[in-house]
Amino acid sequence: MKNFKNTVITLILIMGCVTLGKAQSNLDDYKYIIVSKKYDFLKLEDQYQLNSLTAFLYKKHGFLVLMEGDAYPNDLEKGICLALNSNVIANSGMFKIKLQIELKNCKNEIVFTSREGTSREKKFKVAYNLALRDAFKSFDAINYSYVPNEKEDAAIAIAKKQDITQEEQEQIKTDIKELKKTNENTEIIPKKELEILTITTDESKNLLYAQPIEAGFQIVDSTPKVVMILLETPLEKTFIVKNENAIIYWQDGFWYMSKNDGQKILVEPLNIKF
């Protein structure tokens with residue numbers, strides 16, 4: 001019986017170490033933590049200074065912290081998945097405050113969940129403060145150190161290279177003028193040759209993100225990988241796709257990409273978050 005008990009204890013310790021190691025690895029993949037200004041279980045922003053305390057405790061454990069709404073650093077603008085979004089969840093009862101910390105990535109996947117911090121103090125400000133500090137004890141055993149992800153760094157580097165220069169802007173203006181001349185002399189393709197793909201209402205499917213750059217936007221996926229560059233035109237909500245015979249435009253509540261290969265027009269709906 002004693003040997004069996006020792007075996008169970010050993011297995012529990014091993015499982016704990018594996019879980020801790022996984023949490024360590026997951027958190028080391030992220031450079032920033034974004035702290036929300038208001039928690040759902042409270043009525044006001046930074047009520048009881050709980051959000052400010054959250055940011056302070058993250059910094060104490062070595063994380064680079066941004067408050068919701070802060071201006072993002074250049075590398076975070078290029079690669080939003082470098083950050084985790086922090087939230088605090090309350091499971092409080094009548095006589096006990098219970099708080100738990102949750103970290104989600106850019107895909108809204110839970111990467112880390114803390115222990116449940118508790119306090120029986122009667123004053124709310126004191127109770128929330130103590131419960132949050134208790135929950136943060138989960139980070140005590142995690143020696144956090146950001147380890148750059150090669151794929152994300154590559155995506156950021158590519159994005160920087162694809163920023164629009166002044167020379168390219170002048171070329172774009174010239175291209176637009178040439179495009180207008182070409183359109184005047186081009187035979188209009190009958191509508192029967194127009195192919196329109198089925199519109200999906202699943203907003204999470206193939207979701208793309210628009211990031212502002214000079215003279216337009218770069219469009220990235222959740223990897224994040226730069227999938228195209230959009231160049232501004234004189235028309236509202238209409239963009240030229242760089243290096244493609246295509247435009248992106250807004251119509252009837254959807255974004256569409258229209259491609260012209262000289263024989264037919266292909267129109268495809270896109271799910272872009274600007």
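Would you confirm, using the coordinates I've provided, whether LYS264 is touching a residue at least 60 places away in the same chain (Cβ under 8 Å), loosely packed, with under 14 Cβ neighbours inside 10 Å and basic (Lys, Arg)? Before the answer, list the steps.
Numbers: touching a residue at least 60 places away in the same chain (Cβ under 8 Å): yes; loosely packed, with under 14 Cβ neighbours inside 10 Å: yes; basic (Lys, Arg): yes.
Yes.
Residues are listed down the side, and each one gets a yes or a no for (1) farther than 18 Å from ASN129 by Cα; (2) part of a loop (DSSP other than H, G, I, E, B); (3) within 17 Å of the chain's Cα centre (by Cα):
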{"position": "ASP40", "(1), (2), (3)": "no, yes, no"}
{"position": "GLN49", "(1), (2), (3)": "no, no, no"}
{"position": "LEU53", "(1), (2), (3)": "no, no, no"}
{"position": "PHE56", "(1), (2), (3)": "no, no, no"}
{"position": "LYS59", "(1), (2), (3)": "no, no, no"}
{"position": "LEU66", "(1), (2), (3)": "yes, no, yes"}
{"position": "ALA71", "(1), (2), (3)": "yes, yes, yes"}
{"position": "LEU76", "(1), (2), (3)": "yes, no, yes"}
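Quick one: is ALA55 assigned by TED's automatic domain parsing to the domain that holds ALA135, of a type outside the set (D, E, K, R) and modelled with pLDDT of 90 or more? Don't jump to the end; show me each part of the working.
On the way: assigned by TED's automatic domain parsing to the domain that holds ALA135: yes; of a type outside the set (D, E, K, R): yes; modelled with pLDDT of 90 or more: yes.
Yes.
Quick check: is even one residue across the range 82-101 closer than 30 Å to LYS242 by Cα, of a type in the set (A, V, I, L, M, F, W, C) and modelled with pLDDT under 60?
Residues of the range 82-101 that are closer than 30 Å to LYS242 by Cα, as a first pass: 82-83.
Going one step further and asking which of them are of a type in the set (A, V, I, L, M, F, W, C), we end up with 82-83.
Going one step further and asking which of them are modelled with pLDDT under 60, we end up with none.
Checked against the condition, which is being closer than 30 Å to LYS242 by Cα, of a type in the set (A, V, I, L, M, F, W, C) and modelled with pLDDT under 60, the range 82-101 yields no hits at all.
Check the range 63-78 and report whether any residue there is exposed (fewer than 11 other Cβ atoms within 10 Å of the Cβ), over 22 Å from LYS273 (Cα atoms) and at pLDDT below 90.
Within the range 63-78 (the criterion being exposed (fewer than 11 other Cβ atoms within 10 Å of the Cβ), over 22 Å from LYS273 (Cα atoms) and at pLDDT below 90), the answer is no, since none of the residues qualifies.
In the range 218-274, which residue that is modelled with pLDDT of 85 or more and of a type in the set (Gly, Ala, Ser) is farthest from ASN74 (Cα to Cα)?
So, considering only residues that are modelled with pLDDT of 85 or more and of a type in the set (Gly, Ala, Ser), the one farthest from ASN74 (Cα to Cα) is SER258.
The values are calculated or read from the model by the stated rules, or taken from the named source; none is laboratory data. Just so it is clear, the model here is predicted, and its values are computed rather than measured. A quick note on method: Cβ atoms are made from the backbone with ideal geometry, for glycine too, and the neighbour counts reach across all protein chains shown.
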